[in-house]
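The values are calculated or read from the model by the stated rules, or taken from the named source; none is laboratory data. Here the structure is a predicted model, which is why all the values come from computation and not from measurement. Glycine gets a Cβ as well: all are built from the backbone with ideal geometry, and neighbour counts include every protein chain shown.
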Amino acid sequence: MKVLFLNPPYGKDFCRSARWAARSRGRVQRHPDWLLIAAAVLEREGHKVKFIDGAALNLEFNDIERELSRFKPELTVIHTTTPSIYNDIRYAELAKKRGSMTVLIGPHVSAEPEDTFKKSPFIDAIVIGEYDYTLREIAEGRSLEDIKGIAYPEDGTIKITPFREPLDVKELPFPAWHHIRPEWYRDAGKRFPFLTLISARGCPNRCSFCRDTSVMYGRRLRFREPEQVVDEIEYDFKLFPYIKEIMFETDTFTASAAHVRGICEEILGRNLKITWSCNVRVDMDLTLLPLMKKAGCRMLMVGYEFGTQEALDAVHKGITLEQSRRFTEEARRLGFTIHGCFMVGAPGETKDSVLKTIEFAKSLPIDTVQFSGICPYPGTELYRWAKENNYLLVTDWTDWVNEDLEQVTLLNYPQLSKKQMDELIDKGLKEFYLRPQQIIRMLWNMRSPEDIKRKLYGFRSFMDYFLKKGKRHHEGVAH
């Protein structure tokens with residue numbers, strides 16, 4: 001079967017009429033590894049696959065129309081997100097009118113299948129949750145009623161089939177990277193060009209804001225073998241010898257000491273001279289850090305989230321401020337680059353508690369940060385809580401991004417308004433980055449041409465953000 005995987009583009013014709021998340025946080029910059037694993041599953045079964053990352057290439061509607069006419073897919077798989085769902089559905093209509101079966105995947109449609117079907121008659125099926133093997137069965141031509149983990153329309157109603165058990169990640173092939181070029185993707189925190197790698201799925205933690213755990217991959221940790229992971233690293237460097245870094249996008253990479261130790265020892269045993277980065281939690285086994293450093297780990301992406309214990313407890317993060325400090329001191333001592341992720345808007349949050357988060361971030365010896373409004377994605381505990389208490393400010397999926405195609409603050413509390421959250425996010429960014437000691441730290445850490453390029457890219461993004469904010473404020477006052 002001819003199968004088209006589409007990460008939809010956001011042409012100017014859409015952006016003018018509605019606020020699509022064309023270049024919102026992470027959409028263009030993140031590699032489509034999840035999609036390309038599913039594509040590789042189908043290729044392994046003998047299907048002819050084409051992948052189009054319209055978002056990364058900033059393609060237009062007409063570009064996709066031409067590709068559909070050339071490839072003539074029998075099955076079109078469309079990746080969806082919450083703020084772009086209307087746009088994603090329009091591409092399903094385009095494919096359906098050209099004779100292709102249409103299947104939507106992703107966390108938004110997994111959480112909101114009935115709502116999605118109401119918006120279009122051109123959707124044949126929605127895969128709920130993990131989609132690799134579900135798509136394989138659809139491509140095999142099985143009857144929809146016999147496939148677990150999908151929703152489909154029938155006789156005016158929406159049928160949802162029984163839950164599909166999580167698959168064995170050890171069986172999955174490497175991503176079908178031959179469909180993309182690493183240089184299409186850029187991120188200020190990573191050495192360019194880079195590739196991402198997923199070594200596990202699922203997460204045992206209970207963060208109320210986590211979308212992938214709640215909707216996509218469940219709470220059971222499923223690790224690949226260290227040998228498989230390092231085989232993939234070697235494969236990546238053979239395919240693209242010029243890449244500078246591997247980024248472990250596994251949310252729970254350090255959840256298992258044995259998993260991390262196995263990968264590091266495998267890298268060292270093969271004498272691989274590579275650079276890599278990863279996501280970590282501060283409650284990880286700190287004795288792993290020296291081994292990670294020895295095996296080539298450069299940067300740690302850390303979910304600190306908040307600077308008060310009350311806020312951390314409110315979102316069920318499961319960590320303490322003392323753990324955050326202890327972790328950071330050890331990671332800094334060993335020479336890691338540290339990127340801290342912070343949020344504003346936990347249940348019960350006040351202006352005072354946000355100011356404490358800002359001061360907490362400034363007190364840590366970390367290199368870079370991001371501050372953002374906590375996002376209540378559909379399907380999460382936070383989303384249900386916000387809706388039940390009328391704290392969710394937006395009423396339509398298109399309201400999730402602003403006119404600059406950036407995700408907006410979505411919550412509004414009696415004690416902390418959306419406007420105050422936005423102001424505090426800006427305050428956090430300015431106060432962290434504009435300190436003399438922070439500027440000196442970032443300059444000192446620029447040890448290579450790649451580091452200089454990353455910092456220049458990050459500086460441009462920082463300036464663009466505040467220039468756009470200033471322009472919007474000026475236009476609002478003028479009006």
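What number goes with the only condition from (1) touching a Gly at 6+ places or on another chain (Cβ under 7 Å); (2) buried (at least 20 other Cβ atoms within 10 Å of the Cβ); (3) hydrophobic (A, V, I, L, M, F, W, C) that Ala386 does not pass?
(1)
Assess whether Leu57 counts as being under 16 Å from His179 (Cα atoms) and at pLDDT below 95.
Taking the combined requirement at face value, the residue satisfies it.
Within segment 289-320, track down each residue that is surrounded by 23 or more Cβ atoms within 10 Å (Cβ to Cβ), farther than 13 Å from Gly340 by Cβ and not aliphatic (A, V, I, L, M).
The answer is Cys297, Lys317.
Out of Glu234, Glu245, I need the residue that is without any contact (Cβ under 8 Å) to a residue 40 or more places away in the chain and either under 18 Å from the mean Cα position of the chain (by Cα) or more than 26 Å from Tyr383 (Cα to Cα) (or both). Which one?
Sole residue among the options that is without any contact (Cβ under 8 Å) to a residue 40 or more places away in the chain and either under 18 Å from the mean Cα position of the chain (by Cα) or more than 26 Å from Tyr383 (Cα to Cα) (or both): Glu234.
Determine which single condition Leu59 fails, assuming it passes every other condition in (1) out of contact with any His (no Cβ under 9 Å at 6 or more places or on another chain); (2) more than 23 Å from Pro193 (Cα to Cα); (3) not in a helix (DSSP H, G or I).
(2)
Please return the ranges of helices (runs of 4 or more DSSP H) entirely within segment 269-359 where 2 or more residues are farther than 30 Å from Asp231 by Cβ and free of Cβ contacts under 8 Å to residues at least 24 places away in the same chain.
Passing ranges, in order: 309-314, 321-333.
How many of the residues making up segment 170-194 are within 13 Å of Val41 (Cα to Cα) and buried (at least 18 other Cβ atoms within 10 Å of the Cβ)?
4
Restricting the search to segment 148-202, which residues are of a type in the set (Asp, Glu), part of a helix (DSSP H, G or I) and closer than 25 Å to Tyr217 by Cα?
Answer for segment 148-202, where residues must be of a type in the set (Asp, Glu), part of a helix (DSSP H, G or I) and closer than 25 Å to Tyr217 by Cα: just Glu171.
Scan (1) under 22 Å from Val169 (Cα atoms); (2) of a type in the set (Ser, Thr, Tyr); (3) free of Cβ contacts under 8 Å to residues at least 40 places away in the same chain for the single condition Thr252 breaks and write down its number.
Of the numbered conditions (1) under 22 Å from Val169 (Cα atoms); (2) of a type in the set (Ser, Thr, Tyr); (3) free of Cβ contacts under 8 Å to residues at least 40 places away in the same chain, the odd one out for Thr252 is (3).
Say we look at segment 65-89 and pick out the residues that are in a helix (DSSP H, G or I) and surrounded by fewer than 21 Cβ atoms within 10 Å (Cβ to Cβ); which of these is nearest to the chain's Cα centre (by Cα)?
Tyr86
Within segment 90-147, how many residues are part of a loop (DSSP other than H, G, I, E, B), over 22 Å from the mean Cα position of the chain (by Cα) and hydrophobic (A, V, I, L, M, F, W, C)?
Result for segment 90-147: 3.
Taking the options Val354, Val344, name whichever one is among the aliphatic types (A, V, I, L, M) and within 19 Å of the chain's Cα centre (by Cα).
When all the criteria are applied, what remains is Val344.
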